[in-house]
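Notes follow the structure.
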Amino acid sequence: MVSLSLTTRHPGAASSWLNFCFRLQSHRMSLRKQTPSDFLKQIIGRPVVVKLNSGVDYRGVLACLDGYMNIAVEQTEEYVNGQLKNKYGDAFLRGNNVLYISTQKRKM
């Protein structure tokens, strides 16, 4: 969760920020509602970051996952404290260790 505090040196800064947040929320609400299951189906075959409860990140291409959130990742890289530690061809991540899955921008 991100916490923001506004220090207003400029009189209209707070109201501008709130206006921006309102417009952003309105835009999000106008998009089609998507369930987590829909999202996960859409990202199969795409680059992802999988963060484990231990804080370790695995980055690679999402191959598949099941209802228990067990995840198979291809072209996997393991990052500890932001540093690349290992590269694996394929990796299987047990679902009860997964904190979150996020899409990753494709490398050019």
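The values are calculated or read from the model by the stated rules, or taken from the named source; none is laboratory data. Source: prediction; values computed, not measured. Heads up, the Cβs are rebuilt from the backbone with ideal geometry, glycines too, and the neighbour counts pull from every protein chain shown.
Worth pointing out:
- Single residue of the range 72-108 satisfying the filter (surrounded by 14 or more Cβ atoms within 10 Å (Cβ to Cβ), over 18 Å from residue 53 (Cα atoms) and not charged (D, E, K, R)) that is modelled with the lowest pLDDT: 104
- Residue satisfying all of: in the range 56-71; farther than 13 Å from residue 102 by Cα and either at pLDDT below 95 or touching an Asp or Glu at 6+ places or on another chain (Cβ under 6 Å) (or both); surrounded by the most Cβ atoms within 10 Å (Cβ to Cβ) among these: 65
- Some residue of the range 18-25 being under 16 Å from the mean Cα position of the chain (by Cα) and either modelled with pLDDT of 60 or more or farther than 20 Å from residue 102 by Cβ (or both): no
- Condition check for residue 68: in a strand (DSSP E or B) and not hydrophobic (A, V, I, L, M, F, W, C): no
- The set of residues from the range 36-55 being farther than 13 Å from residue 100 by Cβ and in a strand (DSSP E or B) comprises just one member, 47.
- Any hit, the range 29-46, residues being among the aliphatic types (A, V, I, L, M), more than 14 Å from the chain's Cα centre (by Cα) and modelled with pLDDT under 90: yes
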